[in-house]
1. For segment 82-113, which residues satisfy the criterion of being closer than 27 Å to residue 133 by Cβ, surrounded by fewer than 16 Cβ atoms within 10 Å (Cβ to Cβ) and under 19 Å from the mean Cα position of the chain (by Cα)?
2. Mind checking which residues of segment 162-183 are more than 19 Å from residue 225 (Cβ to Cβ) and surrounded by 21 or more Cβ atoms within 10 Å (Cβ to Cβ)?
3. With the requirement that a residue be outside any loop (DSSP other than H, G, I, E, B), away from the ligand (no atom under 13 Å from the Cβ) and farther than 20 Å from residue 159 by Cβ, what does segment 201-228 give you?
4. Could you check segment 39-76 and list, in sequence order, the residues that are closer than 27 Å to residue 129 by Cβ and surrounded by fewer than 15 Cβ atoms within 10 Å (Cβ to Cβ)?
5. Using beta carbons and a limit of 7 Å, which pairs, at least six apart or on different chains, have the first residue in segment 118-143 and in contact (Cβ under 8 Å) with a residue 60 or more places away in the chain and the second one in a loop (DSSP other than H, G, I, E, B) and surrounded by fewer than 16 Cβ atoms within 10 Å (Cβ to Cβ)?
6. Looking only at segment 215-240, count every residue that is of a type in the set (Lys, Arg) and in contact with a His (Cβ under 7 Å, 6 or more places away or on another chain) and tell me the total.
7. Could you check, for segment 221-229, whether at least one of its residues is on the phi > 0 side of the Ramachandran plot, in contact (Cβ under 8 Å) with a residue 12 or more places away in the chain and either over 16 Å from the mean Cα position of the chain (by Cα) or surrounded by 23 or more Cβ atoms within 10 Å (Cβ to Cβ) (or both)?
8. Working only within segment 35-75, note down all residues that are free of Cβ contacts under 8 Å to residues at least 60 places away in the same chain, away from the ligand (no atom under 16 Å from the Cβ) and within 21 Å of residue 118 (Cβ to Cβ).
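Taken together, the values in this text are just the output of simple stated rules run on the coordinates, not laboratory data. Everything quoted here is computed from the prediction, not taken from an experiment. A quick note on method: Cβ atoms are made from the backbone with ideal geometry, for glycine too, and the neighbour counts reach across all protein chains shown.
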Amino acid sequence: MAIIETGIPRVNTPGGREMFDCHAHLWDPAAGFPWIKPGSPHCRAFGPGDLAAAGAGLGLSGTVLVEASRGDAGETLALRDLRRRQPELVAGYVGNLHVSEAAALRTLLTEPDPPNGMRIGGAEWAATPAEARALVPMLAGAGLVLELNLHRHALRTAAETAAEYPELTVVVDHLGNPADLDEWRQELQDAATVPNVVVKLSGLLTQPHGTPAIVREVLDAVGTDRCVAGSDWPICLPRGSRADSLTRATDALTPAERDQVLVGTPRRVYRLAG
Ligand SMILES: [Zn+2]
């Protein structure tokens, strides 16, 4: 894909090489999304046109859309619909495991354009719905990504779950949401020993420890074939643009590392076409 010079700061992808943004959201507060409070900077609709505009000039090959806790299974179907209608924009999508029922998930996985992953989030693993956790073996059987956005012990949970289901790929959002760095480093080392744990270099602008140095720690621990990157747009917007967020996530990478983290690993992990 050619780079279009728009004056927007371009993520440093040498030679206009392709890249995937593996973490962005779309929402319309009128359709649900109870976490979006009136008056917050996130309280407006973000649609595919906004996504395309925010990515203009970045040399993007596509985006993996991630569910945004609308609170119903229809959000996953809406993401599928977007993937079908605009495959050049939406390379893949990650649905919401919380609100999925076994029969509906089974159907979703067998119909055309299944999700590339399903996400579960919360304070910690034990605080997530047992019904959602019970669906993890189905994801493993289908070869889908289980995506984790846990505030505590995300990497430890990923290591334990990935070890239990070797055919499952577990993607940990936002570097595992590091808080206590000593504890996070220990969990990172533990997760590094389980090959089917993948770390997402995302949310850097909104993380208390979102620095290139911490990205380097992740890369050194798990390697580029187990890292993908994402902007977390439009969550990032109060702190910076989509380009700013992707730049923060990838500043520490060499050109060769960029190719792997931004293209090779996303294609493999999320089974992206092309
Ligand atoms: Zn997000």
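1. The one that is closer than 27 Å to residue 133 by Cβ, surrounded by fewer than 16 Cβ atoms within 10 Å (Cβ to Cβ) and under 19 Å from the mean Cα position of the chain (by Cα): 113.
2. From segment 162-183, those more than 19 Å from residue 225 (Cβ to Cβ) are 164-165, 174, 177-183; that's our starting set.
Residues satisfying the conditions are 174, 177, 178.
3. 212, 213, 216
4. So the first thing to find is which residues in segment 39-76 are closer than 27 Å to residue 129 by Cβ, and the list is 40, 42-43, 46, 64-76.
Hits for segment 39-76 are 40, 43, 72, 74.
5. Taking only residues 6 or more apart or on different chains, the pairs are 143/167.
6. At the first step, the residues of segment 215-240 found to be of a type in the set (Lys, Arg) are 216, 226, 239.
Applying the additional criterion that residues be in contact with a His (Cβ under 7 Å, 6 or more places away or on another chain) yields none.
Number satisfying all stated conditions: 0.
7. Looking through segment 221-229, none of the residues is on the phi > 0 side of the Ramachandran plot, in contact (Cβ under 8 Å) with a residue 12 or more places away in the chain and either over 16 Å from the mean Cα position of the chain (by Cα) or surrounded by 23 or more Cβ atoms within 10 Å (Cβ to Cβ) (or both).
8. Answer for segment 35-75, where residues must be free of Cβ contacts under 8 Å to residues at least 60 places away in the same chain, away from the ligand (no atom under 16 Å from the Cβ) and within 21 Å of residue 118 (Cβ to Cβ): 72, 73, 74.
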